[in-house]
Amino acid sequence: MTVNLFKYTSLNKRVTGYIVLICGVLFALLSAILFVSNPDIFKVIDRANYSFLLENLPESSSVNRPVIIDIDEKSLAKYGQWPWPRYLISRLLENILALKPSVISLDMIFSEPDRTSVSSVIKGLKGFYGHEIDLNNIPDRIVDNDLALADVLNKGPFILSHQFRFGQNKEEPKFLTNPVRVSFLHNNSDSKEASRIPESYSVVSNLKLLYGETESSGFSNSVSDDDGILRRIPLLIRYHGDIYPSLALASVLKYKNVNNIVLKIENGVLQSINYKSAAIPVDPNGNLMIRFHDPVMSYDYFSASDILDGTVNLDRLEGRIAFVGASAYGLESFQITASGKVYTGVEVHATVVDNLLSGNLISSPGWSNGVILLLILILGISLSFTLAYRSNTFSIFIVLASIFAILLFSQQLLSRSGIYIKTAFPVITAIFIYLFLTIFKYFIEKMRAENALKESEKRFRNLFKKAPVPMCYISRDNRVIDINNSFTDITGYTSEDIQNLPDAMGILFEKREEVNNGISKWLSGLKQANADCSPESRECQVRCRDNRILTMLVDAESVGDNFVVSLFDITGRKQAEAQREKLQAQNYQSQKLEAIGSLAGGIAHDFNNMLGIIIGYAELSIMQAEPGVIVDENLHKIIDAAKHSARLTRQLLDFARRQMINPVAMDLNKSIEDSLDMMRRLIGENIVLEWHPCKDSCIVMIDPPQLDQILLNLCVNAKDSIRDVGRITIELSIINLEKNLNESGFDIKTGEYVSLSISDNGCGMDEEVLKHIFEPFFTTKELGHGTGMGLATVYGIVRQNKGTVLVNSLPGKGTSFKILLPRHFDSVTTPEKIEKKVTKGNNETILVVEDEPSILELIKTMLGEYKYTVLDAASPEQAINIALKDNRIVLLITDMVMPGMSGRDLADKILEIRPDIKILFMSGYANNISSIGNSRDKKINFIQKPFTIKDMALKIREALDHNQ
């Protein structure tokens, strides 16, 4: 059954369209049935639709619109509060009549005698005092205000108003002006006569005296809908079997001089009220749908006080229908209309009269319901077809276009023809059909998609299992759903080993920080991403079951509600890249250091030559001073400055590993302990120096001056990084490296190392500074406060001694330098301290070769002071000629770097001539030692420039006395 259901739900779109179409047609039929039954909710919607259309109707033009005589606040302020005495009303009506309106309709009821009449007042006085006043000689209209009013009403086209009451007990009929004469027009003889015209058995009417003086009257009733909004008004009401017109209809009939109306009835339903050639469309209850407009802009208003004062011109009212009513506070009866505006009662009657006279009537004919019914069916079926076979986007466009067309059509039909059709029902039908079928389609599509997804997942699992790349299928709740065969083949893990994402990450990834920081954040971001927004791939170290470490490129893609993690083995590629980068870095470092070394050689050679001249002549000046003569202190300062400059040159040579060294086995515990007092004086009293020696011996092979250089440079840098008070800590320890390191640009092999750590709590360094700290001449100190050679010298020394430098620094936290030097297991070398005395020569002949004339002259002078016979040569060729001619030469002193021939080549040629000659090389560039070799098995004798007279004398004596 599952397979059959799957096939059924996987039917093509055409079958789905048939189902959607059938459901849409059924829904359209249901909507039509609801429209016919006309439930209350539809009535509410219809009223709202009618109000909406009415509010957007354009203003209609009309000729001879009614005028309104308003008993307003101005009138009451001048002539007193209401009710006015009827003699004042009589005067008002006489003044109106004088302006010659065609009809004067009174929106007021005089149901009781006027108590302000003279007769009423005298009658009251007689009852109170018992005296009778003779009024026989006074005219009746003066004595009785009602007679005066009746007399005025008799003179003109006045229409009185009355008010029918509904829901009251049946009462005896009251006298009203003659009802309208009515005849009926039926389409068949079986129809009942206007049976749905409302009927009343109670009325608030005028005095019978007044009715006798007028020819017609009309009721002022207006009925609001259940929501309190006035949309239609009754034109006819039955009263004790007779039919009476409304005040507005009575006014129009009077204006048109019509005494008879015809009620057109079809199938027992009132259709229209007809007179002469006019037809007034009404609903079955005789109600007229009112076409409201702005009364303030449509009608002429005249204050009753202006009429009484006679300030209104004749042409303003002549030939027009005049309504007399009240808008003053407390007298008005306001109605909220469908147009959204508030009307007084007299404005409502004036609007109805304007509708009847202008012919701008609104009707809702019976055939309109059939049109709406047909529209509901057509719209429902067409929308069902569209939703069944077209996209939702296109369907919503059709729905919106249909709604717009319906509303536009209904608006134009109402505006141009005055026909109102209930378009709210087709609009609601369109909306509900779209919503219903869209939801229905969604569930069908969802069912199809779910089954398609199952089929896709089946294909996916087959591809997943056979994929050549290791893959994990992981749910968004961190559960490992499956792993493929390649994953097991390459890593050795099975699905039993890896059951959830945390376990997988803990087992697979070699570096825990990748798990905690990188991979977890990456996968967390993936869970929130969609299939089009996958995170970037990451390189990770993956540990296999057999402890192999593979470098893999970890990638992930969303698949449905889950995601697939792929692991691409790039170990071989990364190893090749690492080897290539390592070779490139080593080559670059070698080239850079070679360039610096060449620079150092040039500087050492030339600079040390100059320093040698300075030191030599200064010492000669001191030696040649007469006994007892005080030597100028400036000579000693010159010598000190030259020696300081020589030390700077040696630092550069230390960095390039071009300085001659004599490493010895020394215990750093003892050596550093001996240097603590000096370092404390160096850093000052504001900085605490802490010393933590190692319990074990820390013996390393290093030249003692180089250790002093390391301690001095690092402590000075630490001191300079501390502004006020602080702490410098020196600590020794033994560490055992289990794997090779590649730090500071060169390899460090496995084994035991002595760790010398010098740390401070100074200002620290940022990452950008850390990249350059070991470069020569790089410094962050102010101009004149550092050469930039301190850390470069430390780097060169450590590298020369097969160690490494590790640095850790944070801005504002401090810096820690850790120097690793290979641990030495032999005993400590104790250097012999032999005090060498300078002895003068015995006129031995020495050949001196130097291309720099100043140095040659200096050496010649120095050796002369020590009783040696000196033969000088400014070039190698000259030296060879001298050696060929003079057999007395016992020692050759030659510079290593000369034009045309090096010192080594010169020595070889001299030895061919005189094999017994001793050789002493001199140079300002210590790297030349490597080119000396053991020429003719002679011991190398070398002195580095710059040198003092004493150093030269000792070196000459050592060379001459060797092997003798």
Along the dipole axis of segment 67-358 (charges at Cβ: +1 for Lys and Arg, -1 for Asp and Glu; origin at the Cα centre), the most positive-end residue among ALA326, SER277, LEU209 is SER277
Projected area averaged over all directions for the convex hull of the alpha carbon atoms of segment 297-401, nm², comes out at 11.6
Expressed as a percent, the accessible surface of segment 67-358 that is carbon or sulfur, using a 1.4 Å probe and the full set of protein chains, is 47
Whole-Å distance linking the alpha carbon centroid of segment 664-699 with that of segment 851-877 is 45
Result for segment 659-822: accessible area per residue, probe 1.4 angstrom, in square angstrom, of 51
Over segment 67-358, with neighbouring protein chains present, the accessible area per residue in Å² at probe 1.4 Å is 46
Once Lys and Arg are counted +1 and Asp and Glu -1 for all other residues with Cβ under 15 Å from that of ASP309, the total becomes 0
Quick numbers on segment 67-358, Rg and Dmax over C-alpha atoms in Å, give 20.2, 70
At 37 °C in a medium of viscosity 0.692 mPa s, segment 444-486 has a Stokes-Einstein diffusion coefficient, with Rh taken as the Kirkwood radius over alpha carbon pairs, in µm² per second, of 284
One point scatterer per Cα, no solvent, Debye formula: log10 I(q)/I(0) for segment 659-822 at q = 0.14 Å⁻¹ comes out as -0.71
Taking ARG957, ARG904 and ranking on accessible area (1.4 Å, protein atoms only), highest first, one gets ARG904, ARG957
Quarter of the surface of the C-alpha convex hull for segment 845-961, i.e. direction-averaged projected area in nm², equals 6.3
Excluding ligands, DNA and RNA, the carbon-plus-sulfur percentage of the accessible area of segment 361-477 with a 1.4 Å probe reads 71
Mean Cβ-within-10 Å packing, highest first, puts peptides 892-902, 445-455 in the order 892-902, 445-455
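The values are calculated or read from the model by the stated rules, or taken from the named source; none is laboratory data. Fair warning: this is a prediction, and the values are worked out from it, not measured in the lab. In this analysis, Cβ positions are derived from the backbone assuming ideal geometry, glycine residues included, and neighbour counts consider all displayed protein chains. These accessible areas exclude ligands, DNA and RNA; they are computed on the full protein's heavy atoms, side chains included. Shrake-Rupley method; radii C 1.70, N 1.55, O 1.52, S 1.80 Å.
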